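The values are calculated or read from the model by the stated rules, or taken from the named source; none is laboratory data. Fair warning: this is a prediction, and the values are worked out from it, not measured in the lab. Cβ coordinates were reconstructed from backbone atoms using ideal geometry, including for glycine residues, and neighbour counts include every protein chain displayed. Only protein heavy atoms, including side chains, enter the accessible area calculation; ligands, DNA and RNA are left aside. Shrake-Rupley method; radii C 1.70, N 1.55, O 1.52, S 1.80 Å.
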Amino acid sequence: MTIIQTLDLEPLVADVVADVLHSTAPGSVNVVVPPGFGDRIVGSAIVERLREAAGGVPVAELTMDEIPDVRTFIARLAAGLCRPFAADAADSDLALKSLLRAGEHPAIYVLRRFHCTLDTLPPWMLACLRTAEEDNLARAVVMAPASHRRLKRRWEKKGHPMIASDYGNSHDKRIVRLRGAAAIATLRPKSVPPHVYAYALKLTGGYPEVLARVLGAWERGGASIKLDRVLQQKLCAEALAGLVRFAEWLDHDDDAFFQGKVIDVYHRFDRDDAVEAVRQHELHELILDGDELRAGSLGPAALQCQREALLREDPNGQRRARVRARQLYLRADYSEVLRLLADEPRPAAATELLRHHATIMHLLTDVEPGLDTDWPALLKAIGEAQRWLDRNAEVDETGQLRRRYADLSQIARTIHGISDVRIVDRLGEPVADDGFDHDRVRAALFLLTLHFDGANRRRGPAGALRDGLALPEQLLRVWARWQLGLDYYRAPVLDPAIVAALTQVWDKPDSPLKLPTVGESFPSLWSFALYAGALLDARALGERAPERSAQELMKSLQFLVARNDPAHALATAKRALRDRYLELCDRWLTAVFAVAPAVGDLTRGELLRILLPLPLLEDGSLDWSPAVSDGR
């Protein structure tokens, strides 16, 4: 895929040319072109415009990472300037100075990838260039991923000495800019569907080389119109790989301060502070779009840099990664914790326990808790954590943690032991002649509570209704089983007097009331609710029922007709409907808890605490603050 010109090049090129060729106060320019922004394209545009405006004066263009030594540099500079060069000169310093003085006009040169200069060339060369520029013998356009100030600090980190010449301190700084979002949107190639282009822009921020990489991957993969999950993951991986170099250049030293703040913005961790910090970066207009990252994959790319520092066994990198992993754990981003710590060599005890607990919490929360949980994998993860704890006797006061492990294991074994897809109904059944089983009843309440909690946490009305769609019917069946002994799936001998009364009041002659015979399933929720309501009135159980009377129960069932649209179509919903629906579910769940057998005064809060984050290890002691900060 050809690079799409998302850069706003014209103002940049015009400013650079005006600075270099100014009639009374010409100067040199430091052009900051971050990785992924097409330094070759930027350099070519500047060179072309300089040559047009310089009136025939040669303009040399050199790529510094292609120059192995100082003599090659001098030779290529001489060729670009169309000036003679003594190839056999013994003194390179003298040869360079002579070359810069040789022309009728000041030497003009563009140095691309300037950050590679001191990898192969001596520091005295920069001193020579600075002297020539100050004496108006030369004018430079120096292109690098960072400004001179930040670049020199990186050089010091690599062991290059700070040179006395302090090259570039008088250069004007110019930074590449992107076009506006509306302008970039109009640059979509005709072969790329609008939704694919929009997704690529979301991942890449419109950084030209990274955008071309992502669209190229889409094209090579068959140019699919369908942007499914597999394709999204592939394009995300391409964007991440293309942005790693940009992330590496966010900082000039080992503290990786800006890298960390970019991750904070991505994870919304102390977000206001993080955004304000990133705004101090010289590239903040390229990094941020308002209060968000312009390139959605830049956060993961910065995390990838921290993972790589961990693998290099860099002490500072390991420290940053562990701090980051703890922050991610506190934010319940367990999958990122596991990715960050996946390959750490020789992890400390605190890191090992963090990894064990992130694994457990990831299995519990990554999917809808309860119905989609991989219970065998969870049991395995708990077992591995228990064995680690047994081997590490230096961990203090483990009793509470071991009880949490046992609690989770019991829930997992109980739910995993049910093969029927209608799992709550099966858990709520009595066990042979022994009556109701404590662990099974508790597991049923656990799943009901989680399902209601998940629906209640949904902000959107339509999503809340969709998530809670099965709750009322499920709650009514469980309540009737526990309080009335009425099994929806195996009807008892129905009371003839109740049947007669229900048949008499049923006012739908075109649709006769259908009730089951012994051992049959009730044919509908309505027939089941009618009979349960009649038993409710007959036994005067209103204080411990979902509704106080059969009449109130029928009113609630009429309201639940609102489930029809979200059950059979993609349907919108009003906030008032969502609130009323969840209020009904809340009331019915309370009634279920009130009649639950074999579990005593078990509360919803006790069950929700099963999902609270497990503790971390801090100075040999277990730190339970992650559970406190969860807010359940």
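Worth a mention:
- Length released on extending from R229 to D366, taking residue separation times 0.36 nm less the Cα-Cα span: 47.7 nm
- Value of relative contact order over the range 518-632, rounded to a whole percent, pairs C-alpha under 8 Å and six or more apart: 17 percent
- Rh by Kirkwood over Cα pairs, then Stokes-Einstein D for the chain at 1.306 mPa s and 10 °C, µm²/s: 52 µm²/s
- For the chain: relative contact order, % (alpha-carbon pairs under 8 angstrom, 6 or more apart): 11 percent
- When all protein chains stay in place and ligands, DNA and RNA are ignored, the 1.4 Å accessible-area order of K158, K234, K190, largest first, is K190, K158, K234.
- Distance between the pseudo-spin-label points of S191 and R490 (7 Å out from Cα toward the beta carbon): 6.6 nm.
- Amide H contacts for R139 (H built 1.01 Å from N in the peptide plane; partners 5 or more residues away or on another chain; cut-off under 5 Å): A107, I108, Y109.
- Phi-based couplings in Hz for the range 215-221 (Karplus 6.51, -1.76, 1.60; Gly and Pro marked x): 5, x, 5, 4, 5, 5, x
- For the range 11-63, the fraction of 1.4 Å probe accessible surface lying on carbon and sulfur atoms is 50 percent.
- Residues L371, L616 ordered from highest to lowest accessible area at a 1.4 Å probe: L371, L616.
- Area of R153 that stays accessible when all protein chains are in place (1.4 Å probe, Å², to 10): 100 Å²
- Heavy-atom SASA rank of T365, T63, T517 (probe 1.4 Å, accessible area, largest first): T517, T365, T63
- Distance between modelled label sites at R268 and R177, nm, 7 Å Cα→Cβ extension: 3.1 nm
- The range 569-632, relative contact order [Cα under 8 Å, separation at least 6], %: 20 percent
- Put a dot 7 Å past the Cα of T517, heading toward its Cβ, do the same for E397, and the two dots end up 6.6 nm apart.
- Helix 194-204 and the long axis of the chain differ in direction by around 70°, with both axes built from C-alpha atoms.
- Within the accessible surface of the range 364-463, defined with a 1.4 Å probe on protein heavy atoms only, the carbon and sulfur portion equals 45 percent.
- The distance linking the range 105-135 with the range 209-253 is 35 Å (Cα centroid to Cα centroid, whole angstrom).
- The figure for T572 is an accessible area of roughly 140 square angstrom, using a 1.4 Å probe on the protein chains alone.
- With all protein chains modelled, accessible area of C305 [1.4 Å, Å²]: 10 Å²
- Karplus-based coupling profile of the range 121-135, in residue order and whole Hz: 10, x, x, 4, 5, 5, 4, 5, 5, 5, 4, 5, 5, 5, 8, with θ = phi - 60° in 6.51 cos²θ - 1.76 cosθ + 1.60 and x standing for Gly or Pro.
- A 1.4 Å probe run over the protein chains yields, for the chain, 47 Å² of accessible area per residue, whole-number rounding.
- Shape call, the range 495-632: gyration tensor on alpha carbons, a/c limit 1.5: prolate
- Carbon/sulfur fraction of accessible area - the range 78-152, other protein chains in place, 1.4 Å, %: 52 percent
- Across the chain, the longest run free of exposed loop sites, meaning GluC sites (Glu not before Pro) lying outside DSSP classes H, G, I, E and B with no more than 12 other Cβ atoms within 10 Å, spans 105-312.
- Evaluating 6.51 cos²θ - 1.76 cosθ + 1.60 at θ = phi - 60° for every residue in the range 375-391, the Karplus couplings come out as 5, x, 5, 5, 4, 5, 5, 5, x, 5, 5, 5, 5, 5, 5, 5, 7 Hz, glycine and proline recorded as x.
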